[in-house]
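To start, the structure itself, in C-alpha cells.
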Amino acid sequence: MARSILIRAPPDEVYDAFRNEERLRIWYFDDARVDFRVGGQLAFNGPEGSVTATYREITPTQIVTDYNPPWWGRVTWSISTERNGTRVALRHEGFEGKEEWMDRFAWGWEAFLKSLKAHLEGRPVK
C-alpha cells in the first residue's frame, strides 16, 4: 500500500516532525514515545493495545520502521523536495496473509498524512 501528500513546508521541518517527540504527539499518537535512532523504538497505545516499531533506517529523506504485533509490516516514509513544498510518501508492506487489514491501515495512514500536513502548515490537527 502506498500513499503520498504534498506539504507546504521545508523538508527539514517535515523530518523534525518525525524525530521530535512533542511534535510527533501532535500529529501521530498523543502518547507516542520515540527513541529516534537506528535500533531505537517508536511506541504508543493504538486501538489494538500497545504498539512498538523499531527504526531500521533513518536519514533526512527516508525513515524505515518495522512494526511489531498487534500491528505488523515495514513502513517507509520518504521525504522529497518539490517545487511547491515537500512530498511525503508512505509505503506499508507485509500484508501477506492479512489482506483484510489493508483497508483499515489505508484509512489510518491517510488520516495521519492529513494530520502531518495540517500540523506543518499551521492548522489545527484534532
Which of the residues belonging to the range 4-18 are surrounded by fewer than 15 Cβ atoms within 10 Å (Cβ to Cβ) and either under 22 Å from GLY73 (Cα atoms) or among the β-branched types (Val, Ile, Thr) (or both)?
-> SER4
What about ARG37, is it of a type in the set (Lys, Arg) and either closer than 21 Å to ALA2 by Cα or assigned to a helix (DSSP H, G or I) (or both)?
-> no
Considering only residues of the range 92-126 that are in contact with a strand residue (DSSP E or B) (Cβ under 6 Å, 6 or more places away or on another chain) and modelled with pLDDT of 95 or more, which is surrounded by the most Cβ atoms within 10 Å (Cβ to Cβ)?
-> LEU120
Do the conditions hold for GLU13, that is, is it of a type in the set (Asp, Glu) and either without any contact (Cβ under 8 Å) to a residue 60 or more places away in the chain or at positive phi (or both)?
-> no
Test ARG37 against the criterion of being out of contact with any Lys or Arg (no Cβ under 6 Å at 6 or more places or on another chain), exposed (fewer than 12 other Cβ atoms within 10 Å of the Cβ) and closer than 24 Å to GLY94 by Cα, and give yes or no.
-> yes
Counting only residues that are modelled with pLDDT of 95 or more and assigned to a loop (DSSP other than H, G, I, E, B), which one in the range 1-21 is nearest to PRO60 (Cα to Cα)?
-> PRO10
Condition set of a type in the set (Gly, Ala, Ser) and either in contact with a helix residue (DSSP H, G or I) (Cβ under 7 Å, 6 or more places away or on another chain) or assigned to a strand (DSSP E or B) (or both), scope the range 40-66, selection surrounded by the fewest Cβ atoms within 10 Å (Cβ to Cβ): answer is GLY49
Restricting attention to the range 22-34, the residues that are in a helix (DSSP H, G or I) and either surrounded by 15 or more Cβ atoms within 10 Å (Cβ to Cβ) or among the polar types (S, T, N, Q) (or both) number exactly 5
If you check every pair at least six apart or on different chains, which have Cβ atoms under 9 Å apart with a residue in the range 25-41 that is under 15 Å from TYR15 (Cα atoms) first and a residue that is small (Gly, Ala, Ser) and not in a helix (DSSP H, G or I) second?
-> ARG25/ALA32; VAL34/GLY40; VAL34/ALA43; ASP35/ALA43
(1) at pLDDT below 95; (2) assigned to a loop (DSSP other than H, G, I, E, B); (3) touching a Leu at 6+ places or on another chain (Cβ under 7 Å) all hold for PRO69 apart from (3)
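The values are calculated or read from the model by the stated rules, or taken from the named source; none is laboratory data. Just so you know, these numbers come straight off a predicted model, no measurement behind them. We place every Cβ from the backbone using ideal geometry, glycine too, and count neighbours over all the protein chains shown.
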